[in-house]
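The values are calculated or read from the model by the stated rules, or taken from the named source; none is laboratory data. Fair warning: this is a prediction, and the values are worked out from it, not measured in the lab. When we count neighbours, we look across all protein chains shown, and the Cβ atoms used for this are built from the backbone with ideal geometry, even at glycine.
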Amino acid sequence: MLLVLVLAAASAAGEEAPAPTPRGADVPTWYAQAVARDDAGLNVTHYWSRGPMLRAETVISGHRIVTIVKGQWYYAFDALSGRGWAIRRDAGAVARDAPERRPFGNELQVLLDQGAEKVGEEMLWGRLAEIFRITDERGRRELWVTSDDKKLPMRVEVFDRRSGQTGSTEYVVWDASLEIPDAFFEPDPSVELERLEFEEYLRRSAESGSAGVAPVFYADLLHARKSE
């Protein structure tokens, strides 16, 4: 998960009550399919969102890892073993939730915050794409987005200078026409979830240095990202 490690950074914030998730046809829904490649191999991730709610699924070594983010809770579980976490989200992350803010596919804003600049345009998969790039002591991050006002990510490429590894992610499908019910953003009742407060999750992660029963892939949705 080179791309996640390089693009995401996070920090903690104080307690704050979350806003309820609005209901209604005006809340946007999104589906995307992304193919990631790095030195470890290839994996495919499916993303669904309704407003700020997220469900993501990816298969790693035969294990279907499901992430659900809804309100105060960040769920990460292994659908094969039926075990996982329910971690209370940091208030700083919850405070960023908004009906119009898609919880995934926001690489352009992340790179702009890091200082990326537009470096050109080119045709990608038969469509005009704008290219943004940043090169610094960490390496190089390059992003292709659609040239319309949505600026949807099409391809992300990351070179990590420290490890010498290069990883890429391609968003091969985008769909904003699906009707997705709230129930889709709930874990299956048969899954055994260990509930943790945010501070307890941080303590365990620091002590063990491991992801536990299921990895946390989207750290910026669990705790607030630092400005860069």
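Considering only the stretch 28-47, how many residues are in a strand (DSSP E or B), in contact (Cβ under 8 Å) with a residue 40 or more places away in the chain and out of contact with any strand residue (DSSP E or B) (no Cβ under 7 Å at 6 or more places or on another chain)? It would help to see each step written out before you state the result.
Start the filter on the stretch 28-47 by keeping residues that are in a strand (DSSP E or B), which leaves 29-38, 41-47.
Narrowing the set further to residues that are in contact (Cβ under 8 Å) with a residue 40 or more places away in the chain leaves 29-38, 47.
Next, from what is left, pick out any that are out of contact with any strand residue (DSSP E or B) (no Cβ under 7 Å at 6 or more places or on another chain): none.
Matching residues across the stretch 28-47 total 0.
What are the residues in the stretch 141-161 that are charged (D, E, K, R), under 19 Å from residue 174 (Cβ atoms) and touching a strand residue (DSSP E or B) at 6+ places or on another chain (Cβ under 7 Å), if any? Answer for the stretch 141-161, where residues must be charged (D, E, K, R), under 19 Å from residue 174 (Cβ atoms) and touching a strand residue (DSSP E or B) at 6+ places or on another chain (Cβ under 7 Å): 151, 155, 157.
Looking at this structure, is residue 119 of a type in the set (A, V, I, L, M), at pLDDT 95 or above and under 24 Å from residue 44 (Cα atoms)? Taking the combined requirement at face value, the residue does not satisfy it. When every residue of the stretch 190-199 is checked against the conditions, none turns out to be modelled with pLDDT under 95 and of a type in the set (Gly, Ala, Ser).
Whether a residue is touching a residue at least 40 places away in the same chain (Cβ under 8 Å), at negative phi, surrounded by 14 or more Cβ atoms within 10 Å (Cβ to Cβ) and among the aliphatic types (A, V, I, L, M) was assessed, and residue 145 does not pass this test.
In this structure, is residue 108 farther than 25 Å from residue 27 by Cβ and buried (at least 16 other Cβ atoms within 10 Å of the Cβ)? When the stated conditions are applied, residue 108 does not pass them. If the condition is being assigned to a loop (DSSP other than H, G, I, E, B) and under 16 Å from the mean Cα position of the chain (by Cα), then the stretch 48-80 contributes 51, 52, 71.
Restricting to the stretch 81-97, name every residue that is in a loop (DSSP other than H, G, I, E, B) and either closer than 24 Å to residue 64 by Cα or free of Cβ contacts under 8 Å to residues at least 60 places away in the same chain (or both). Step through it out loud before you land on a result.
Taking the stretch 81-97 and keeping what is in a loop (DSSP other than H, G, I, E, B), we get 81-82, 89-90, 96-97.
Selection gives 81, 82, 89.
Pairing residues of the stretch 193-216 that are on the phi > 0 side of the Ramachandran plot with residues that are modelled with pLDDT of 90 or more and among the hydrophobic types (A, V, I, L, M, F, W, C), at Cβ distances under 9 Å and at least 6 apart in sequence or on separate chains, gives 212/76; 212/85.
Hey, which of the strands (runs of 3 or more DSSP E) in the stretch 121-228, taking only ones fully inside, have at least 2 residues that are over 21 Å from residue 107 (Cα atoms) and touching a Lys or Arg at 6+ places or on another chain (Cβ under 8 Å)? It would help to see each step written out before you state the result.
Numbers: elements: 127-136, 139-146, 153-160, 165-175, 192-196.
Passing ranges, in order: 192-196.
Any residue that is farther than 28 Å from residue 83 by Cα and not charged (D, E, K, R) - is there at least one of those in the stretch 192-206? No. You will find that of 29, 21, the residue that is modelled with pLDDT of 90 or more and either surrounded by 15 or more Cβ atoms within 10 Å (Cβ to Cβ) or not acidic (Asp, Glu) (or both) is 29 and no other. One residue stands out among those in the stretch 149-201 that are surrounded by 12 or more Cβ atoms within 10 Å (Cβ to Cβ) and among the hydroxyl-bearing types (Ser, Thr, Tyr): the one that is nearest to residue 222 (Cα to Cα), which is 201. Is it true that some residue in the stretch 69-92 is among the hydroxyl-bearing types (Ser, Thr, Tyr), buried (at least 16 other Cβ atoms within 10 Å of the Cβ) and closer than 17 Å to residue 222 by Cβ? Yes, that holds for at least one residue.
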